[in-house]
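J.: Encoded as C-alpha cells, here's the structure I'll be asking about.
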Amino acid sequence: IVFIVCIKNKKESFKNKKFFRELPGHIHLDYRYGKIQHKNTHKTLIFLLKRFMDYSNKNKIKPILMYGGLIGYYFNKKLLPWDDDIDMILLKTSSEKLKNYEDDEILIEVNPNSNNYSETDSQNKISSRVISKENGLFIDLTFFIEKGKYYVCKDGNKFIKTDIIKNNDEQYLKQGIFEGISVWIPNNIENCLKTKYGQNVFIPLKNKGFTFNKQTKTWDKNN
C-alpha cells in the first residue's frame, strides 16, 4: 500500500511541472523554435493572430483580446510598438472546444494542466499557446471560469463578469478590428484595463521610448 501511494504522489508531482518552456533569457520565445535574432516581431504576431482567429472561427471559439494587446486596441487598435507577444483569454464554452493543432507554420498546444484552476499550480498559469514554428514567438491563452460575480483565472487575474460579457452568454461578446483582423473584445474595455493596470493606463505618457501622439494616433519614437 505504501508503494502505491508513493507512485501516485510522484505522478501528481509530475503533472504539475511546468509545461510551456521558454528560451533561457527570452520569456517570449518558445524553447524549441525560438530564434534570438528573429526579425519582424509584429509581422509574426499579426500572422499568428490571423491564423488563430481563422482556426477559432472555424471551430466556434471566441478568444478575447486582453492585457497589452487591449491597451494597444484602446489607443489605436494596433500592437504597442514594444509588445513582443499577444495575450487572449477564453471563457469555458470556448476553452472546451480548443484542441491541439499543428501544421507547417503554427502549433496550437493546450496545457494538460489547463483544467486545474488552483492558483497553487504556479508553473502552469498559461493554459494554451499559439506558437510560430518559424521563430518561436507566441500568443498566450488563459482559461477563465465563473466564481461568483467574477471571471477568474489561476494566474490571479479576475474581472467582473459584466465587464467581459453581457448576460454571461458568449453570443453577446463584442467584436472589433485589431491590426486589420476581426477579434473579440471585452464588453467594457476601460473597466478591464483599469482593473488590471490602474487609472494611469489611460495616460499616454512616454513609455518604453515612445510617446503617443493624440492627433495622428500613433506611438512616436522619442528622440
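Here, each number is a calculation from the coordinates, and none is a lab measurement. Everything numeric in this text was worked out from a predicted model, so none of it was measured. Every residue, glycine among them, receives a Cβ derived from its backbone with ideal geometry; neighbour counts consider all protein chains shown.
J.: Across the Cα atoms of region 142-217, what radius of gyration and what greatest pairwise Cα-Cα distance (Dmax) are found, in Å?
T.: Radius of gyration, then largest Cα-Cα span, for region 142-217: 14.8, 42 Å.
J.: Based on DSSP H runs of at least 4 residues, each adding -39500 (n - 2.57), what is the mean residue ellipticity at 222 nm of the chain after dividing by all its residues, to the nearest 500 deg cm²/dmol?
T.: -7500 deg cm²/dmol
J.: Dividing the convex hull volume of the alpha carbon atoms of region 41-102 by its residue count, what do you get in Å³ per residue? Walk me through the numbers before you get to the answer.
T.: Details: hull volume 5.5 nm³, N = 62.
Convex hull volume per residue, Cα atoms: 88 Å³.
J.: For ASP169 and ASN223, what is the calculated FRET efficiency with R₀ set at 41 Å and r taken between the beta-carbons, to the nearest 0.05?
T.: 0.25
J.: Still on this structure, please answer the following. Which Rg and Dmax, in Å, describe the Cα atoms of the chain?
T.: 18.5, 72
J.: Pop a pseudo-label 7 angstrom from the Cα along the beta-carbon direction at both LYS208 and ILE160 and give the gap in nm to one decimal.
T.: 2.8
J.: Oh, and also: Around GLY176, what is the net charge, scoring Lys/Arg as +1 and Asp/Glu as -1 over all other residues with Cβ under 13 Å from its Cβ?
T.: On the way: positive: LYS62, LYS77, LYS78, LYS174; negative: GLU179.
Cβ neighbours under 13 Å give a net charge of +3.
J.: Once the Cα gyration tensor of region 107-168 is found, what semi-axes does its equivalent ellipsoid get, as square roots of 5 times the eigenvalues, in whole Å, sorted largest first? Could you put the intermediate results ahead of the total?
T.: Values: eigenvalues 121, 43, 15 Å².
Calculated on Cα positions only, the semi-axes equal 25, 15, 9 Å.
J.: Under 13 Å from a point 7 Å along the Cα-to-Cβ line of LYS92: which residues of region 112-143 have their amide N that close?
T.: Only 115-117 pass the distance filter.
J.: Roughly speaking, what is the centre-to-centre gap between region 64-91 and region 132-182 when only Cα atoms are used, to the nearest Å?
T.: 11
J.: At what distance in nm do the modelled label points of LYS18 and ASN40 sit from each other, each positioned 7 Å from its Cα along Cα→Cβ?
T.: So the two model labels end up 3.0 nm from each other.
J.: Quick check for you: which residues of region 153-188 have the amide N under 11 Å from the point 7 Å beyond the Cα of TYR117 toward its beta carbon?
T.: Hits in region 153-188 for TYR117 at 11 Å: 153-154.
J.: Next question. If Lys and Arg each add +1 and Asp and Glu each add -1, what is the summed charge of the other residues whose beta carbon sits under 14 Å from the beta carbon of LEU91?
T.: Working: positive: LYS60, LYS62, LYS92, LYS97, LYS147, LYS158, LYS161, LYS166, LYS174; negative: GLU96, GLU146, ASP163, ASP169, GLU170.
Local net charge: +4.
J.: Could you please report the charge total around THR218, scoring K, R as +1 and D, E as -1 over all other residues with beta-carbon less than 13 angstrom from its beta-carbon?
T.: Local charge sum for THR218: +4.
J.: Rounded to two decimals, what is Rg over Rh for region 41-154 when you use alpha-carbon atoms and the Kirkwood radius?
T.: 0.96
J.: Taking every DSSP beta bridge that has both residues in region 59-164, what percent is antiparallel when rounded to the nearest 5?
T.: Around 80 percent of the beta bridges assigned by DSSP in region 59-164 are antiparallel ones.
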